[in-house]
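Comments concern the structure below.
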Amino acid sequence: AGAATRPALVLGALVAALMMLGAEAVWLDLPPTGTKCVSEEIQPNVVVVADYMLMYEAHATAHPTVAVTSPYGNTVHHKENATVGQFAFTTSEAGNYLACFWLDSAEKGSGVSLNLDWKIGIATKDWDSVAKKEKIEGVELELAKLEAAVESIHHNLLYLKAREAEMREVSEKTNSRVAWFSILSLGVCVVVSALQLWHLQGFFQKKKLI
């Protein structure tokens with residue numbers, strides 16, 4: 001089972017790393033009422049940077065609010081009247097980070113679109129600045145990018161292996177509890193059957209049927 005899961009772990013880490021490298025902006029349509037949210041599953045100690053901008057089809061009458069929460073519900077970013085802005089933080093918890101946008105106005109606007117450019121991990125690096133600072137270009141710069149990608153894949157593999165070990169431990173504990181519950185249920189059934197037989201035997205003896 002362990003050997004079978006290794007390719008899946010490697011594939012998962014590669015996909016995660018490629019997603020980090022190829023981070024792209026997304027467009028969302030904000031409803032006049034309600035909330036529009038975007039979530040991303042991120043491991044601990046990862047840099048997250050996101051730029052957002054709202055576009056109005058008509059005159060801006062609504063006042064948008066943005067709130068970003070961690071997997072345990074801690075607020076990592078909150079801003080009102082957030083027509084244009086950025087949030088950046090380093091994750092301290094593993095799980096889904098949620099960025100929600102809604103319109104705060106008695107006179108709800110219509111035709112509001114949101115552009116969100118969410119970058120994670122190595123995608124947040126400014127490679128132009130790195131190239132200028134370290135005086136590298138061309139092949140050396142591409143090798144530096146590949147090295148960062150390999151390191152990211154390695155960290156993802158370690159994270160996925162840790163998650164797999166946690167899930168295996170939970171599964172083994174659950175199986176153990178189910179086994180003990182089955183044994184206990186069987187014991188109760190045996191005891192109840194014995195009591196029923198004893199009761200029936202006493203009943204038949206009183207009625208002098210046996």
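What the table below lists for this structure:
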| read-out | value |
| --- | --- |
| Filter result for E147 (over 22 Å from V49 (Cα atoms), out of contact with any His (no Cβ under 6 Å at 6 or more places or on another chain) and not assigned by the TED database to the domain that holds A82) | no |
| Evaluation of K161 against (1) at pLDDT 75 or above; (2) within 22 Å of A88 (Cβ to Cβ) (one fails), failing number | (2) |
| Condition broken by K161, with the remaining ones in (1) open to solvent by less than 80 Å² (accessible area, probe 1.4 Å); (2) in contact (Cβ under 8 Å) with a residue 60 or more places away in the chain satisfied | (1) |
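The values are calculated or read from the model by the stated rules, or taken from the named source; none is laboratory data. Keep in mind the model is a prediction, meaning the values are calculated, not measured. Cβ: placed from backbone, ideal geometry, glycine included. Neighbour counts: every protein chain shown. For the accessible areas, the whole protein counts, side chains as well, though only heavy atoms, and no ligand, DNA or RNA atoms are used. Shrake-Rupley method; radii C 1.70, N 1.55, O 1.52, S 1.80 Å.
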